[in-house]
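The values are calculated or read from the model by the stated rules, or taken from the named source; none is laboratory data. Given the structure is predicted, the values throughout are model-derived calculations rather than measurements. Reconstructed Cβ throughout: ideal geometry from the backbone, glycine too, with neighbour counts over all protein chains shown. Ligands, DNA and RNA are excluded from the accessible area calculation, which covers all protein heavy atoms including side chains. Shrake-Rupley method; radii C 1.70, N 1.55, O 1.52, S 1.80 Å.
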Amino acid sequence: GFRMPTGATAGYVLTSDALGVGTWQAGGSGLPSGTSGQTLRHDGTSWIANSLLFNDGTKIGIVSTNPLARLHVGDQGIGGYPLDANDQAGIFVSNSSGASPSVTIMGPTDNGGYLRLGDSDSGVWLELRGDADGGYIDARLGQPLKLKTNGTERMRIDSTGLVGIGNSDPSSTLDLNG
């Protein structure tokens, strides 16, 4: 069993060996220095501070030392947007058990949730949204919504609502080509 020694000194921490014998060690003994908010990790032998996982007590950053959201993947070099493919950041979801992996985004009643895919430099994005009024696909900032197959545009809805099928520059409410 564990035997707890008496006579602790301020600034010391209690450690134990493989036999359960406790001793008081100077604080910080055996722990490396690191960056504020950095999460230590154990490499199987000792604690090391080369982790890219940071937390500020309420938010977690992967690579980001100053997370902007509850989970922030990436760094601060992308205009404050938490995810950016150019910085090799992202989220990968898989499931080897045979069940389909999924990502669920839900908001409070009547506000729903959304997924934005876009360009942090121009501010142009595509928004997929669902709320109490239904589901939406929204191309923002006056950009058209394009549907493609095999990399070729097949249909377009421009910012004024004109629809082109087989036509990337519709001139009427429904402009068919082909």
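Specify the residue that is modelled with the lowest pLDDT; the eligible residues are those in region 24-52 that are surrounded by 12 or more Cβ atoms within 10 Å (Cβ to Cβ) and hydroxyl-bearing (Ser, Thr, Tyr). Filtering region 24-52 for residues that are surrounded by 12 or more Cβ atoms within 10 Å (Cβ to Cβ) and hydroxyl-bearing (Ser, Thr, Tyr), the one modelled with the lowest pLDDT comes out as 51. Across region 6-13, not a single residue is classified as modelled with pLDDT of 70 or more, open to solvent by less than 70 Å² (accessible area, probe 1.4 Å) and part of a loop (DSSP other than H, G, I, E, B). Scanning region 103-127 for residues that are at pLDDT 85 or above and touching a Phe, Trp or Tyr at 6+ places or on another chain (Cβ under 6 Å) yields a single hit, 127. Close Cβ contacts (under 7 Å, 6 or more residues apart or on different chains) running from residues in region 154-178 that are touching a residue at least 24 places away in the same chain (Cβ under 8 Å) to residues that are open to solvent by 60 Å² or more (accessible area, probe 1.4 Å) are absent.
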